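Structure record follows, encoded as structure tokens.
The values are calculated or read from the model by the stated rules, or taken from the named source; none is laboratory data. It should be emphasised that the depicted structure is a prediction, and the values quoted were computed from it without experimental measurement. So basically every Cβ, Gly included, is an ideal-geometry build from the backbone, and we count neighbours across all protein chains shown.
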Amino acid sequence: MVTCIDILKALAIYWKTIFIIVYPLALLPIFLMNNTPAMRCLYVVVLMAGFWVLEVLPLAVTAMIPLALFPTMGILDTKKTSMAYFKDSNMMFVGGLIIALAIEFCNLHTRISLHAIKLIGCSYRRLNFGLVTLTMLVSMWISNTAATAMMIPIIEAVLAELEGQGLGRVFEKEENEDPEAEIDPQMQRPTRVTMCFYIGTAYAASIGGLGCIVGSGTNLALKGIYETEFKDSPGVDFNKWLAANVPLMVAIMYPTWVWMQFWFMGLGRPNSADAKAINVGKEGEEVTRRVLSEKLHEMGRLSNHEVMVGIMFVFAVMLWFLRRPGFMKGWPEYITDTTVGDACAAMIVVVLLFIFPARLDFLHVFDKDESKRPTAPSTGLITWRYIHQKMHWSLIFLMGGGFALADGIKNSGMGELVADQLAAIAGLPRLSVLVLSSLMAMVVTQFTSNAAVANILLPIVASVAKVLISINSRKILTFLQKAEVHPMYLMMPVCLACSFAFCLPVSTPPNAIAAAPCNMRTFEMIKVASVIEVIAMVMLIAIFPFLGSLIWDFETFPEWARNTTETE
């Protein structure tokens, strides 16, 4: 006889399959009662939102749903839907990621990290400061996941060596612990110092991703969706992004570091157990310095491979920065009248990475000493095999799915439908709209992929901006004069808030990568992260409206935004 317990066990095993069948059927009334393209598009959006939040299918597979449903449901034809998956933003992401992989391929990132940490200092507090600063700066240019994965082995080595010298512990010592007994690694509880180092690195990676447009998939999702929704806009400039968000990144990072020092390491509490635990004196600093020196010695001298990759990285940054610097003509204007985007600059460097050799063996091809002559050509500065193994291919489709949703929302009229329903918020001050939309993004991103959240929310926020523009343009109510809002005023904060994923190990890959090796409990993470969420949101609200206004001039409304709305 089948019992309730048997049924519950079966549901626990097959809940994803059941959800995949039941959820789409439960959503059918959305468009069956009002079968219009806008309602059919709303059905697809809500369907994908449910699949993304619960991850019943791989995120990239859910992102492909528009390719299956948009043409068959009469929302967008196959050609237009397919083109959304490889917009300029997606190709810029691919190029930026390959450049980052080249740095990882030659191990240049590790050498820079070790030197930087030695330079900053080797006490517990200085070491933690150096690690979060370095992780933040590295994460501006490579993925948050890669930046965290790069730093974790360094942290493990340093903390293990300090423990070996009797200058600290990685895990708590249990009462009546038998030194000869075998300990289950999963049962060990990390010390507060260990938690600070590990999870602080993950948070620094997420915060660092705010600073540069190539630092996170959510940033490039904003670029693609913004330029899709507002085709006549100047787009999202590499330089303007840096100017707006590097100060914000720094303003979030260092109060976060101070809070973590207070919470985990007794900053401002000199007599606390936390403060005493990190007081290792000069001996501890020497031990740390020796560990770092040994690792650098193992790496050997700076190779040609590392030098060339470093040059290519600087070259890429200069191409991005000088494409449209603002204070002078950009480099594309000297060579062509055709529009040149950031993806073009990235791909120039990618091609060069395959052309330049990693070794200078060819200089010895005619050497008198035959033992020095090369027997095979050198590989490039990166290989396709390495890219194939390391590339986050799923993110490309995830971003593409978001761009396809944006196109579908726009072409089906769903954007206008949603905007009409949200017209009531037009009476609110625009700062209130910014706060509410950013808080929504911050809360939702704790439970699912930040890129997925951005792809769901950003097209809706763009629609909100359009309805505010439209209401003011028609001058329906004179007191709504200040409701008119620059689209970037709403879309950028929502995009950034999608990266405030600090509370749970599942919120973002860096959290999981950092929490797993130190066995950090979820409740411990929530306790420290709840304050960091407040810090991040307060800094966003306090800084972006004013700094962003200096860069995009929110008070002088752009004519292209009004023209976009009138055309539609």
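Miscellaneous remarks
- Selection count, the range 507-539, where residues are farther than 18 Å from TRP257 by Cα, part of a helix (DSSP H, G or I) and modelled with pLDDT under 80: 7
- Only one entry of ALA404, ALA346, ALA376 meets the criterion of being under 30 Å from ILE551 (Cα atoms) and either out of contact with any Gly (no Cβ under 8 Å at 6 or more places or on another chain) or modelled with pLDDT under 80 (or both), and that entry is ALA404.
- In the range 24-75, residue surrounded by the fewest Cβ atoms within 10 Å (Cβ to Cβ) [restricted to those that are among the small types (Gly, Ala, Ser) and in contact with a helix residue (DSSP H, G or I) (Cβ under 9 Å, 6 or more places away or on another chain)]: GLY74
- Filter result for the condition that a residue is of a type outside the set (Phe, Trp, Tyr) and touching a Phe, Trp or Tyr at 6+ places or on another chain (Cβ under 8 Å), over ARG301, ARG269: ARG269
- Given (1) surrounded by fewer than 22 Cβ atoms within 10 Å (Cβ to Cβ); (2) in a helix (DSSP H, G or I), index of the condition MET491 fails: (1)
- Only one of the listed residues (LEU477, LEU504, LEU490) is touching a helix residue (DSSP H, G or I) at 6+ places or on another chain (Cβ under 9 Å) and either at pLDDT 80 or above or in the same structural domain as GLY224 (by TED's automatic domain parsing) (or both). That residue is LEU490.
- Between SER233, SER206, the distinction of being at negative phi, outside any helix (DSSP H, G or I) and hydroxyl-bearing (Ser, Thr, Tyr) belongs to SER233 only.
- Checking ILE103, ILE99, ILE112 one by one, the residue that is among the hydrophobic types (A, V, I, L, M, F, W, C), under 30 Å from VAL158 (Cα atoms) and in the same structural domain as HIS297 (by TED's automatic domain parsing) is ILE112 and no other.
- Subset of the range 3-32 [closer than 14 Å to GLY50 by Cβ and not in a helix (DSSP H, G or I)]: LEU27, LEU28
- Among residues of the range 101-119 that are more than 25 Å from VAL351 (Cα to Cα) and part of a helix (DSSP H, G or I), those with a Cβ under 6 angstrom from a residue that is modelled with pLDDT of 80 or more and of a type outside the set (Phe, Trp, Tyr), sequence gap 6+ or separate chain, pair up as SER113/LEU134; LEU114/LEU296; ALA116/LEU134; ILE117/GLY130.
- Residues (within 19 Å of GLY413 (Cα to Cα) and charged (D, E, K, R)) located in the range 1-40: ARG40
Conditions (1) surrounded by fewer than 18 Cβ atoms within 10 Å (Cβ to Cβ); (2) more than 26 Å from THR110 (Cα to Cα), marked per residue:
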site	(1), (2)
PRO270	yes, yes
ALA277	yes, yes
LEU292	no, no
LEU319	no, no
ARG323	no, yes
PRO332	no, yes
THR338	yes, yes
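- Qualifying residue in the range 421-428 (condition: at pLDDT 70 or above, in a helix (DSSP H, G or I) and outside the structural domain of PHE70 (by TED's automatic domain parsing)): no
- Figure legend. Inter-residue proximity from the range 362-379: first residues farther than 16 Å from ASN304 by Cα and outside any loop (DSSP other than H, G, I, E, B), second residues modelled with pLDDT under 75 and not polar (S, T, N, Q), beta-carbon distance below 8 Å, spacing 6+ or different chains. Indicated pairs: LYS372/HIS364.
- Flag for THR133 being at pLDDT 80 or above and either in contact with an Asp or Glu (Cβ under 6 Å, 6 or more places away or on another chain) or assigned to a helix (DSSP H, G or I) (or both): yes
- Among the residues of the range 354-386, the one identified as aromatic (Phe, Trp, Tyr), farther than 21 Å from LEU302 by Cβ and over 31 Å from the mean Cα position of the chain (by Cα) is PHE366.
- For the range 380-403, a residue qualifies if it is assigned to a loop (DSSP other than H, G, I, E, B) and more than 22 Å from MET64 (Cβ to Cβ), and the qualifying residues are LEU381, ILE382, THR383.
- Of the numbered criteria (1) surrounded by fewer than 23 Cβ atoms within 10 Å (Cβ to Cβ); (2) not assigned by TED's automatic domain parsing to the domain that holds ARG290, the one GLY130 fails is (2).
- The selection criterion, being under 30 Å from LEU220 (Cβ atoms), modelled with pLDDT under 85 and not basic (Lys, Arg), holds for MET328.
- Residues that are in a helix (DSSP H, G or I) and more than 30 Å from the chain's Cα centre (by Cα), drawn from the range 33-60: PRO37, ALA38, MET39, ARG40
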